[in-house]
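Enquirer: Please read through the structure below; I'll follow up with questions.
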Amino acid sequence: MEKLVIEGGKPLHGTVKISGAKNAALPLIAASLLAPGVHVLHNVPDLRDTRTILRLLESLGLSWEREGTSLRIDGTGLNSSEASYELVKTMRASVLVLGPLLARLGRAKVSLPGGCAIGARPINFHLMGFEQLGVQCDLDSGYVDASIDGRLKGGRVYFDIPSVTGTENLLMAAALADGTTIIKNAAREPEIGNLVDMLVSMGAKIEGKNSDRLEIEGVEQLVAAENTIIPDRIEAGTYAIAVAAAGGDVIIQDCEPEHLPSLVEKLQLAGIGVEIGVDYLHITSKGTDQEIKAVDITTMPYPGYPTDLQAQFMALMTCCHGVSRVHETIFENRFMHVAELQRMGADIQIDGRSAMVKGLVGNMLTGAPVMATDLRASSSLVIAGLAASGRTDISRIYHLERGYEDIVGKLSGLGAVVWKENE
C-alpha cells in the first residue's frame with residue numbers, strides 16, 4: 001500500500017488544470033445503460049471511482065473503450081440486472097445503476113452501497129421515489145431487489161431533504177416511464193444539470209433544469225448520444241484552498257467559478273486574493289505569513305457551502321487569526337479528519353455537528369504521520385501538509401485516488417515537494 005509524503009512550508013506557483021467532475025461522470029456513465037448504441041463522453045477523469053463503475057457496467061454486459069479523456073460505451077449488450085456486492089461495496093455511487101436498470105429491464109438487484117464512512121446516507125429516498133413510479137422494492141440479504149411489470153408509471157415525488165443521487169436516479173428512471181413525473185425539492189447541484197443535458201440529448205423530455213422542481217415526460221425509448229463532463233468544482237475548490245493555506249500565486253484553469261459561489265465568498269472574507277475569470281480562478285495568498293481571517297461556514301445543499309469542501313476549509317482555518325466555527329448539516333460523521341489535524345498541532349474542539357477551530361496565530365502546523373479516513377478528509381490532510389513545517393506522511397491514500405486525478409503531478413507542477421512511496 002502506498003502513502004503520500006509532503007515536505008511542507010513551500011508556496012505554490014503556476015497553473016493547474018482541473019479535470020472532469022467525478023460526481024458528474026458517474027451518473028452520466030450510468031445513464032449509458034438507458035439505451036443501446038455507442039455513447040461518447042468527453043472530459044472523463046481517470047479515477048478509482050470511474051474505473052469501478054466501468055467494471056460494474058462490464059459485469060452487466062456493456063463494453064467500453066477509452067482514448068485520452070474520452071469514453072465510448074456501448075449499451076447494446078446489457079444482459080444482467082444484478083450488481084454484486086464485490087463491485088458496489090467500495091463506491092456509494094454504484095446505486096445509480098438502479099434507475100437505468102429498472103427503466104430498461106423492469107428489474108434491478110443491486111447490493112446496498114459502500115464508499116466513505118462519513119455517515120449513513122440511506123437510500124430510502126431512492127426507494128420511496130421508485131415506489132411512486134410503481135416499483136416494488138424489497139431489501140433482502142444486503143440487496144435492493146426492485147421490479148415492475150411493464151413500464152414504469154409517471155408519478156409525483158417529494159424529497160424531504162434534497163438528495164443528489166436520489167434526484168439523479170429518479171431522473172434516469174422517469175425518462176422512460178409511461179406518463180409525467182414531477183420531482184419536488186430536487187437537488188440543484190451542477191452535476192445534475194449535466195445529467196439533464198445528457199438525457200435530453202438522448203431524447204428525454206425534461207423541464208426545470210437547475211431548479212428544485214423537475215418535470216419529466218416519459219418517452220418510449222432513448223438513443224445513444226455524445227456529451228461532455230463539466231469541470232470538477234470540488235477539485236477546483238480544493239486547489240484554491242490549498243493555495244490559500246500554503247501561500248502562492250496560482251491560476252486554476254478549466255473550471256467554472258459560477259459553480260463555487262459560496263467558496264469564493266468565504267475565501268474573500270478570509271482575506272485571500274480571488275480573481276474570477278470565465279473559466280479560471282486566480283488565487284493569491286501569503287499563507288501563514290498573512291493574517292488569514294477567521295470565517296464561519298455551514299454546509300448546505302447547493303448553492304450553499306458544499307459539504308465536500310468542509311474538511312479542506314477547516315484545514316485553512318487552522319492557519320487563521322481568531323476562532324472559526326464549522327457546522328456540518330449534511331453528514332453526521334464528517335469530522336473524522338479532526339483527530340488527524342490535531343496530530344499536526346491544530347486546536348479544534350468538536351461539539352456535536354459543530355467544530356470550533358482556534359487559529360494558530362502566525363504559527364505553522366507541524367508535519368506528522370496521519371491517516372486518511374475518507375475522500376475529502378484525505379484532501380484536507382494534503383492541504384494541512386502543504387501549509388505545515390516539516391514532513392507529513394499520509395497513509396491510506398486510496399481514498400484520495402477515488403476523487404483526485406494525478407494529484408501528485410498537479411501539485412508538483414505548482415512547486416510542491418510531494419511524492420508517493422510504499423508504506
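The values are calculated or read from the model by the stated rules, or taken from the named source; none is laboratory data. This one's a predicted model, so the numbers in the text were calculated from it and none came from an experiment. Heads up, the Cβs are rebuilt from the backbone with ideal geometry, glycines too, and the neighbour counts pull from every protein chain shown.
Enquirer: Does V110 fit the bill of being part of a strand (DSSP E or B) and surrounded by fewer than 24 Cβ atoms within 10 Å (Cβ to Cβ)?
Expert: For V110, the condition - part of a strand (DSSP E or B) and surrounded by fewer than 24 Cβ atoms within 10 Å (Cβ to Cβ) - is not met.
Enquirer: Counting only residues that are in contact with a strand residue (DSSP E or B) (Cβ under 6 Å, 6 or more places away or on another chain) and not in a loop (DSSP other than H, G, I, E, B), how many does the stretch 17-27 have?
Expert: Number satisfying all stated conditions: 1.
Enquirer: Wholly within the stretch 325-423, which strands (runs of 3 or more DSSP E) include no fewer than the required count, namely at least 1 residues that are modelled with pLDDT of 95 or more, polar (S, T, N, Q) and outside the structural domain of S163 (by TED's automatic domain parsing)?
Expert: By residue number, 347-351, 354-358, 391-395.
Enquirer: Among the residues of the stretch 201-249 satisfying the criterion of being at positive phi and in contact with a strand residue (DSSP E or B) (Cβ under 6 Å, 6 or more places away or on another chain), which is surrounded by the fewest Cβ atoms within 10 Å (Cβ to Cβ)?
Expert: Filtering the stretch 201-249 for residues that are at positive phi and in contact with a strand residue (DSSP E or B) (Cβ under 6 Å, 6 or more places away or on another chain), the one surrounded by the fewest Cβ atoms within 10 Å (Cβ to Cβ) comes out as G208.
Enquirer: Could you check the stretch 375-392 and list, in sequence order, the residues that are among the charged types (D, E, K, R) and either at positive phi or surrounded by fewer than 18 Cβ atoms within 10 Å (Cβ to Cβ) (or both)?
Expert: R391
Enquirer: Given the criteria of a type outside the set (G, A, S), free of Cβ contacts under 8 Å to residues at least 40 places away in the same chain and in contact with a Pro (Cβ under 9 Å, 6 or more places away or on another chain), does N210 qualify?
Expert: Spelling it out, N210 is indeed of a type outside the set (G, A, S), free of Cβ contacts under 8 Å to residues at least 40 places away in the same chain and in contact with a Pro (Cβ under 9 Å, 6 or more places away or on another chain).
Enquirer: Now for a different question. Does M317 satisfy the criteria of being touching a strand residue (DSSP E or B) at 6+ places or on another chain (Cβ under 6 Å), under 21 Å from G248 (Cβ atoms), surrounded by 16 or more Cβ atoms within 10 Å (Cβ to Cβ) and without any contact (Cβ under 8 Å) to a residue 60 or more places away in the chain?
Expert: yes
Enquirer: Name the strands (runs of 3 or more DSSP E) wholly inside the stretch 210-258 in which the number of residues that are farther than 28 Å from Q268 by Cα and not hydrophobic (A, V, I, L, M, F, W, C) is 1 or more.
Expert: 213-217, 226-228
Enquirer: Scan (1) free of Cβ contacts under 8 Å to residues at least 24 places away in the same chain; (2) closer than 22 Å to I397 by Cβ; (3) charged (D, E, K, R) for the single condition D351 breaks and write down its number.
Expert: Going through (1) free of Cβ contacts under 8 Å to residues at least 24 places away in the same chain; (2) closer than 22 Å to I397 by Cβ; (3) charged (D, E, K, R) one by one, D351 breaks only (2).
Enquirer: I'd like to verify a number: residues in the stretch 356-374 that are closer than 21 Å to A240 by Cβ and either surrounded by 24 or more Cβ atoms within 10 Å (Cβ to Cβ) or among the acidic types (D, E) (or both), how many?
Expert: Total meeting the criteria: 4.
Enquirer: Does G271 count as in a loop (DSSP other than H, G, I, E, B) and either under 18 Å from P303 (Cβ atoms) or in the same structural domain as T15 (by TED's automatic domain parsing) (or both)?
Expert: yes
Enquirer: Here's something else I'd like to know. Can you pull out every residue in the stretch 163-197 that is more than 18 Å from Q132 (Cα to Cα) and either basic (K, R) or in the same structural domain as G304 (by TED's automatic domain parsing) (or both)?
Expert: Of everything in the stretch 163-197, just one residue is more than 18 Å from Q132 (Cα to Cα) and either basic (K, R) or in the same structural domain as G304 (by TED's automatic domain parsing) (or both), namely R188.
Enquirer: Restricting the search to the stretch 1-44, which residues are surrounded by fewer than 23 Cβ atoms within 10 Å (Cβ to Cβ), of a type outside the set (A, V, I, L, M) and at pLDDT 95 or above?
Expert: Across the stretch 1-44, the qualifying residues are K3, E7, K10, P11, H13, G14, T15, K17, P36, G37, H42, N43.
Enquirer: Do we find a residue being touching a strand residue (DSSP E or B) at 6+ places or on another chain (Cβ under 9 Å), surrounded by fewer than 24 Cβ atoms within 10 Å (Cβ to Cβ), in contact (Cβ under 8 Å) with a residue 12 or more places away in the chain and within 25 Å of D49 (Cα to Cα) anywhere in the stretch 278-286?
Expert: No, there is no match, as no residue in the stretch 278-286 is touching a strand residue (DSSP E or B) at 6+ places or on another chain (Cβ under 9 Å), surrounded by fewer than 24 Cβ atoms within 10 Å (Cβ to Cβ), in contact (Cβ under 8 Å) with a residue 12 or more places away in the chain and within 25 Å of D49 (Cα to Cα).
Enquirer: Quick one: what pairs do we get from the stretch 324-337, first residue in contact (Cβ under 8 Å) with a residue 60 or more places away in the chain, second surrounded by fewer than 20 Cβ atoms within 10 Å (Cβ to Cβ) and assigned to a loop (DSSP other than H, G, I, E, B), C-beta under 6 Å, 6+ apart or different chains?
Expert: Here the result reads F331/G119; E332/G119; N333/G119, each pair linking the stretch 324-337 to a residue that is surrounded by fewer than 20 Cβ atoms within 10 Å (Cβ to Cβ) and assigned to a loop (DSSP other than H, G, I, E, B).
Enquirer: Working only within the stretch 287-306, note down all residues that are at pLDDT 95 or above, crowded, with 22+ Cβ neighbours inside 10 Å and hydroxyl-bearing (S, T, Y).
Expert: Y305
Enquirer: Taking the stretch 305-324, which residues are outside any helix (DSSP H, G or I) and either closer than 23 Å to S395 by Cβ or more than 15 Å from the chain's Cα centre (by Cα) (or both)?
Expert: Passing the criteria: T318, C319, C320, H321, G322, V323, S324.
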